[in-house]
Amino acid sequence: MALAIALRSPYYISDTAGTGANSAKLTISIDGTIEYTLVKSTTAGGTMLWEISELCRDFINIDNLVGLIGQTLTIITTQTSHASTDGSGTALTTDALTFIGYDGYTTFMQGANSTMTPSIPSWLISGNPYHTGINDEYYIYVPVGVDGFLSYYDTSYVLNRQSYSTTDIEIVGSGAGTKMNIVRIDCTKYGNGHKITFVNKFGVLQDLWFFLKSVNTTNKKQEQFQRNIVTSTGTYNTRNHTKQDYNTIANTSITLSSGYYPEWCNTWFEQLLLSEQVWLERLNPITLVPEQKVPVNVKKNSMVQKTSLNDKLIDYTFDFDMSFDYINNIR
């Protein structure tokens, strides 16, 4: 069975070179195509060690389209040892491995070569570590009347999605094998809420709702020069600028308040902070059509994890910069 590996963290494969070996060769096939052939020197009985995650991750491109939940790669590695020094000739030893690659990461304390999760099938979202049974581990918090998707992998580590309707308060009987509780939040006092979608620790798209107020900001940067407005007759027009602005660049940002979450949800906000791909869903400012998804960058570089003991109620404020200039300058 293929193993699910997180491609943002190193993953090593190794094998022992055969008798008479002088070179080691590794081929990496991604989604059925050999993309890499690597050769290095070795000796008989030596360990052939390769790190594959960094190479494979180049082929992941997650796009936040409607209904998509992420992307995986089918990775097949073949390690061989050869008597020749350039990896040619008959293979003395051969070892092939199959992986499913996710754009996720593991932590240092999980150790080397940690796989995605210890059991399958599973929801691809962090659950409540303090749960007491199988029905109170997984939760999501969404506004009243909102539908959406959740991701999970099945008993073969294959990525799947599960939809929920505008009225569902739980998901049971899905391929994830475990109940998902849906907590509905009334956020009409501050509008309809703001949905942030990000690539989480497990390498899939996760929705995280900010229920309270939002603040939009526009900033500009520009250069200026002292302009000569004197004409050939020694006069000037008082309506002309003597301090002329140019190269004006504008950027917009939004500040969102999360509303109150349980303490164990801190890990969701930490994963948002560490994500390299984040999107905001908002009204189109021109047509006011909903569900315009725009790329954003998380502005803050640190996050103090709140606790009910220190902070009573757990809420977060995040600043997001639009990942583009307001004035179109794509050439």
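Would you be able to tell me the number of residues in the stretch 217-239 that are surrounded by 11 or more Cβ atoms within 10 Å (Cβ to Cβ) and of a type in the set (S, T, N, Q)?
Matching residues across the stretch 217-239 total 3.
Confirm whether residue 202 is under 18 Å from the mean Cα position of the chain (by Cα) and surrounded by 15 or more Cβ atoms within 10 Å (Cβ to Cβ). Steps first, please.
On the way: under 18 Å from the mean Cα position of the chain (by Cα): yes; surrounded by 15 or more Cβ atoms within 10 Å (Cβ to Cβ): yes.
Yes.
Within the bounds of the stretch 298-311, is there any residue that is in contact with a Lys or Arg (Cβ under 7 Å, 6 or more places away or on another chain), assigned by TED's automatic domain parsing to the domain that holds residue 252, of a type outside the set (Phe, Trp, Tyr) and in contact (Cβ under 8 Å) with a residue 12 or more places away in the chain?
At the first step, the residues of the stretch 298-311 found to be in contact with a Lys or Arg (Cβ under 7 Å, 6 or more places away or on another chain) are none.
No: zero hits.
Restricting the first residue to the stretch 27-43 and requiring it to be within 11 Å of residue 80 (Cα to Cα), which pairs with a second residue that is of a type outside the set (S, T, N, Q) and surrounded by fewer than 13 Cβ atoms within 10 Å (Cβ to Cβ) meet a Cβ separation below 9 Å and a spacing of at least six or different chains?
27/34; 39/86
What number of residues within the stretch 1-43 satisfy the criterion of being polar (S, T, N, Q) and either in the same structural domain as residue 276 (by TED's automatic domain parsing) or touching a Leu at 6+ places or on another chain (Cβ under 9 Å) (or both)? Walk me through it before giving the result.
Our first condition is that a residue be polar (S, T, N, Q); within the stretch 1-43, this holds for 9, 14, 16, 19, 22-23, 27, 29, 33, 37, 41-43.
With the extra rule that they be either in the same structural domain as residue 276 (by TED's automatic domain parsing) or touching a Leu at 6+ places or on another chain (Cβ under 9 Å) (or both), the set shrinks to 14, 19, 27, 37.
Matching residues across the stretch 1-43 total 4.
State all residues of the stretch 165-197 that are of a type outside the set (Gly, Ala, Ser), more than 22 Å from residue 154 (Cα to Cα) and within 23 Å of the chain's Cα centre (by Cα); if no residue qualifies, say none.
194, 195, 196, 197
Quickly run through the stretch 289-319 and pick out the residues that are closer than 15 Å to residue 278 by Cα, in contact with a Ser or Thr (Cβ under 8 Å, 6 or more places away or on another chain) and surrounded by 13 or more Cβ atoms within 10 Å (Cβ to Cβ).
Matches in the stretch 289-319: 293, 294, 295, 296, 297, 298, 318, 319.
Looking at (1) at pLDDT 95 or above; (2) surrounded by fewer than 20 Cβ atoms within 10 Å (Cβ to Cβ); (3) closer than 23 Å to residue 6 by Cβ, which is the one condition that is false for residue 37?
All conditions pass for residue 37, except number (3).
Being modelled with pLDDT under 90, part of a loop (DSSP other than H, G, I, E, B), of a type outside the set (D, E, K, R) and more than 30 Å from residue 129 (Cβ to Cβ) narrows it down to one residue among 228, 192, 240; which is it?
On the way: 228 fails: modelled with pLDDT under 90; 240 fails: modelled with pLDDT under 90.
Result of the check over 228, 192, 240: 192.
From the list 164, 152, 138, 105, which one is in contact with a strand residue (DSSP E or B) (Cβ under 6 Å, 6 or more places away or on another chain) and either among the polar types (S, T, N, Q) or in contact (Cβ under 8 Å) with a residue 60 or more places away in the chain (or both)? Full working, then the answer.
Details: 164 fails: either among the polar types (S, T, N, Q) or in contact (Cβ under 8 Å) with a residue 60 or more places away in the chain (or both); 152 fails: either among the polar types (S, T, N, Q) or in contact (Cβ under 8 Å) with a residue 60 or more places away in the chain (or both); 138 fails: either among the polar types (S, T, N, Q) or in contact (Cβ under 8 Å) with a residue 60 or more places away in the chain (or both).
Exactly one residue qualifies, and that residue is 105.
I'd like to know if the stretch 145-159 contains one or more residues that are in a strand (DSSP E or B) and assigned by TED's automatic domain parsing to the domain that holds residue 73.
No, the conditions are met nowhere in the stretch 145-159.
The values are calculated or read from the model by the stated rules, or taken from the named source; none is laboratory data. Here the structure is a predicted model, which is why all the values come from computation and not from measurement. Neighbour counts are summed over all protein chains in view; Cβ atoms, including those assigned to glycine, are modelled from backbone coordinates with ideal geometry.
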